[in-house]
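This report concerns only the one structure given below.
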Amino acid sequence: MGRWEGDHPGWPSEETAIVIHDALGRWLEDLGFTTPPGWIRPEHHEEEQVHRRAFVSVTAAALVAGPVAPQHVDPALIDYFQQQLEGHYRADMLLGPHDLIGTVSAQYQLIDKLIRSAKGETRRGLLRVGAAYAALVGWLYQDAGDMDGAAFWRGVTQEIAMRSRDPHLIGYSLVNQAQVRTDLGDGHAVVDLCEAALDDADRLVPKVRIMAMQQQAHGASLTGERDMVDQLIDRAGRLLPRVDDDLPWGNACRRTPGYLEVQRATCYGRLGLGAEAGALWPQALAVVPVTARRDRGVYMARQATAAAAAREPDQALELARLVATIAVETRSARMARELVTL
């Protein structure tokens with residue numbers, strides 16, 4: 001121990017540091033030692049290992065090492081996975097993210113395996129459906145509050161969309177990326193991504209254009225541009241009657257009643273326009289089915305925030321009580337985040 005006495009003691013090995021900590025109950029930097037560059041306490045190493053295991057579990061379904069054994073891939077599998085996708089969308093509205101992440105990730109992994117053996121149009125079809133599954137996994141992680149996982153899977157979505165050469169899916173993948181940026185509060189990035197999606201708007205089905213416009217409106221609300229919010233939502237509204245594609249993904253504008261007014265009310269709330277948002281929420285919620293508990297919970301939380309901003313605390317509190325129950329049931333991090341805002 002003599003070499004560690006004095007004003008500038010040397011630095012022992014990590015194993016010795018742990019022994020000293022176990023004996024004295026204190027870490028070396030608390031005993032006067034000068035920590036060397038890059039020193040991380042062993043307890044932090046353990047935390048890093050836990051985080052690494054979590055990251056591996058998030059990414060495992062998309063990072064399966066090849067090659068895989070070749071197999072025959074029947075084209076009918078494309079329809080099979082598309083039909084399953086619609087069921088997953090419905091289950092997401094009823095259950096929330098946590099109970100579905102494992103199931104949808106596993107199906108993506110199977111699709112990825114089949115893509116490696118498929119040929120020609122069958123392969124292209126599986127790439128298209130694979131991008132839709134990756135987008136759903138990304139959404140589930142985002143709703144669960146895992147932004148690292150969401151960003152990773154949004155990147156996978158974009159990769160698969162690019163490989164499919166499908167312009168509609170490429171636009172959809174950019175909107176997916178913009179959704180993550182919206183939750184991160186990066187309005188300029190949201191606008192950039194949505195403008196990129198709309199660069200060749202004439203090639204896109206109306207549904208993708210609507211998604212890009214409404215998401216760009218969220219970006220505009222983050223940068224404080226109320227007029228731009230209304231212009232984008234109104235333009236998207238004029239396209240709604242033209243949505244007639246049979247693509248199995250991105251159908252919220254058809255599946256969610258009052259879809260665009262929900263977006264407008266959300267943007268108004270973000271802009272601090274409590275009275276304007278409060279006037280829209282009852283109309284929007286009147287047409288959202290009670291079975292869509294997660295979505296209703298998120299919307300009611302936003303309505304409560306609008307009520308609070310409009311100086312109606314009793315209504316805000318009544319709504320918050322209902323939302324808290326749904327948040328516990330669905331474990332939606334988005335809903336919890338809305339309650340924190342409230």
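The values are calculated or read from the model by the stated rules, or taken from the named source; none is laboratory data. Here the structure is a predicted model, which means the values were calculated and not measured. Reconstructed Cβ throughout: ideal geometry from the backbone, glycine too, with neighbour counts over all protein chains shown. Calculation scope for accessible area: heavy atoms of the full protein, side chains included, ligands and nucleic acids excluded. Shrake-Rupley method; radii C 1.70, N 1.55, O 1.52, S 1.80 Å.
Structure above, values below:
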{"item": "Probe 1.4 Å, protein heavy atoms only - accessible area per residue of region 187-342 in square angstrom", "result": "46"}
{"item": "Charge dipole (the chain, unit charges on Cβ, about Cα centre) - positive-most of Pro206, Ala60, Gln315", "result": "Pro206"}
{"item": "Value of [θ]222 nm, deg cm²/dmol, for the chain, DSSP H segments ≥ 4, -39500 (n - 2.57) each, nearest 500", "result": "-23000 deg cm²/dmol"}
{"item": "Cβ charges +1 (Lys, Arg) and -1 (Asp, Glu), total dipole of the chain, debye", "result": "1160"}
{"item": "Protein accessible area in the chain, 1.4 Å probe - carbon and sulfur %", "result": "52"}
{"item": "Folded to 0 to 90 degrees: helix 167-183 orientation relative to the chain principal axis, Cα", "result": "50"}
{"item": "C-alpha long axis of helix 147-164 to longest principal axis of the chain, angle in °", "result": "50"}
{"item": "Helix 42-59 axis, angle to the chain major axis (alpha carbon atoms, nearest 10°)", "result": "30"}
{"item": "Packing-based ranking, highest mean first, of 330-336, 306-312 given that Cβ atoms within 10 Å are counted", "result": "330-336, 306-312"}
{"item": "Residue (of Val290, Leu271, Val243) at the positive-pole extreme of region 190-291, dipole from beta-carbon charges", "result": "Val290"}
